[in-house]
Structure formats: C-alpha cells, structure tokens
1. I'd like the accessible area for ASP167: 1.4 Å probe, protein heavy atoms, all chains in place, Å² to the nearest 10.
2. Once neighbouring chains are kept in place and the probe is 1.4 Å, which whole percent of the accessible area of the chain is contributed by carbon and sulfur?
3. Under 15 Å between alpha carbons, and skipping anything fewer than 8 positions from LYS119 in its own chain: which aspartates and glutamates qualify?
4. Percent relative contact order of the chain, based on C-alpha pairs within less than 8 angstrom and at least six residues apart?
5. Please identify the helices of the chain, taking whole runs of DSSP H, that span at least 24 Å along their own axis as judged from the Cα atoms and have a mean Kyte-Doolittle score of 1.6 or higher.
6. Report, ordered by chain and residue number, the lysines lying within cross-link reach of LYS113, taken as a straight Cα distance under 25 Å and ignoring same-chain residues fewer than 8 apart.
7. Test of the criteria: in the range 208-283, which trypsin sites (Lys or Arg not before Pro) are in a DSSP loop and have at most 16 other Cβ atoms within 10 angstrom of their Cβ?
8. Which of these values of percent of Cα pairs over 34 Å apart was calculated from the structure shown: (i) 49; (ii) 10; (iii) 17?
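The values are calculated or read from the model by the stated rules, or taken from the named source; none is laboratory data. Computed from a predicted model, the values in this text were never measured in an experiment. In this analysis, Cβ positions are derived from the backbone assuming ideal geometry, glycine residues included, and neighbour counts consider all displayed protein chains. Each accessible area value is taken on the protein alone, full model and side chains, heavy atoms only, with ligands, DNA and RNA left out. Shrake-Rupley method; radii C 1.70, N 1.55, O 1.52, S 1.80 Å.
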Amino acid sequence: MLKERVLSAIVLIALVLCALFLFSPFYFALGLGLIATLGIWEWTQFARFKQPLIRLCIAAFLGAFIFLWIFTESNYLDAGRVFENYLPFILLNSVIWWGIALLLVITYPNSAKYWGKNKPIHLLFAFATLIPFIAAVLRLRLEQYTQAPNHGLFLLLYVFVLVWAADSGAYFAGRALGKHKLAPKVSPGKTWEGVLGGLITAALLACAFIYFSRETLLGNRAMTGFVILSVVTVAISVLGDLTESMFKRESGIKDSSQLIPGHGGILDRIDSLTAAVPFFTYFYFFVL
C-alpha cells in the first residue's frame, strides 16, 4: 500500500510539474477541464447515480460544456487573458457558494434533507465548486503572463504550498494537542486545536514568503491585508475538506473514487484547493 501511494505521488507530481512548466495556457486549461470532468464523474456518486453508464454519460455531457467553454476562449487564454468579462462574477459566486456550504456543514445532518437525495442540486454544487476552481487557477497562473511567464506560476504555487503546509501543521497540532472536535458529525478526526495549528502555520509561512519575495507577492498591496487573506484562505480550505467529507458521509462512501491508486479520487486530492484557490483569487485581485 505504501509503495503504491509513493509511486502514485511521484507520477502525480511529475504530471503537475509538466503541466505547470511546459504547457501553453490553452493546453493547461484543457488539463484543468479534464480534472473538472473527472471530478463531475466522481460527484455523480454523491448524487446517488449508481449505473456506471449513466454516470459516464452525465460526466461526458457536462464535460463537453466545459471543453467548449475553454475552446471558445483559447486565443484569449494564450494571450494571458482569463475570462475578463465575467471572472469577478464567477469568483464572487464561488465566495457565496462557500458561505452556503458553511451553513450546510454547520447544520448537518439536518441540512441533508434539502439536498441529500436531490440530484439536480448535487450537480449544481459540482459546478459551483469546479468551474470557479478552473477560472481561479488560470487567473493566478496567467497573471502578467505576456511580460513575465513565471510570475503567475509563483502566485499559484504560493497558494498550493500555503494550503498543503497548513494542512500538515493542522495534522501535527491535532495529533499533539487535539481535544475539542471541530465538526464531529462530518469529520470526527478534525479538532479546533488542529485548525488553530494550521492557521498559525499559514501566518508564519505568509510572513516568510513576504520576507523573501515581497514585491512579487504583494505588488502594491498592504502586507497586513495579504497575511490576513492567507490565513482566512487556509480557514476556507478546511471548509472545502469538510464539505466533501459531508457529501461522502451522506452518500455512504469512503473515497470519491479509486482513480489515484493509494490516494482515492480527484476530489479527495483537491477538495481543500477548490475552496481556497477561488477565495484567494477573488480577494487578491478584486478586493486588496
């Protein structure tokens, strides 16, 4: 099992690095579209679609819309322009969706009577999660793309590293100090002490990044606002994790799929990022 996990992780890291450093914006967007389509296929389990053919048809049908969307924007993407006319709307809707998700998690299992067996609402949840994630990743990756192709890459990796490091900090803090359950009806293993450890890790990491790369990260933004945004982004990433855990618990499954040997599914790997990246992107570009 450990060997399988390690090999899968090596392959995943290699694929991600190739996509980040070698793909043109358009092909990078197509890769994100594939991830989103696979995510929709996994989400059909949450909506209680059981027949494999029906699940495949739903994912193919909705995935076709995603790829058509990307194809119509191909020339703009290669010029580093990401959905300029409606990106703020997409990201603001994502912020609203995660506010709704917070209410669903807090009130679970009572909230499940409104969405647990409602297939259309589940598919709406999938789009509200995955479409803003695609848009936000592209916006960060393509920031100043024509002037400095790797500038946006640094921003994107900052958010990824922030979330992953905070997750590790939360794990160790929870193991050492965890006593008070965060959401026992959704994810019994998470504690308030672990979350606090993750938030402290995020604040320290943000300060370290600013110390070494202040101009690249901040531009003309205030340091205090950026650090606060980084910490809140990590808090939102926890919500992303809890929301997927809630959907899996309600549908009676352990992993979203077995697409990644030893690691579960696509959604299991990106659940925190689907919340964190759009939230960070919206406030970084349109609020700070």
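1. Number for this one is 90 Å².
2. 69 percent
3. GLU42, GLU250
4. 23 percent
5. Span-like helices in the chain: 2-22, 52-72, 87-106.
6. LYS113 reaches LYS50, LYS181, LYS185, LYS190, LYS248, LYS254.
7. ARG221, LYS254
8. The calculated read-out lines up with (iii).
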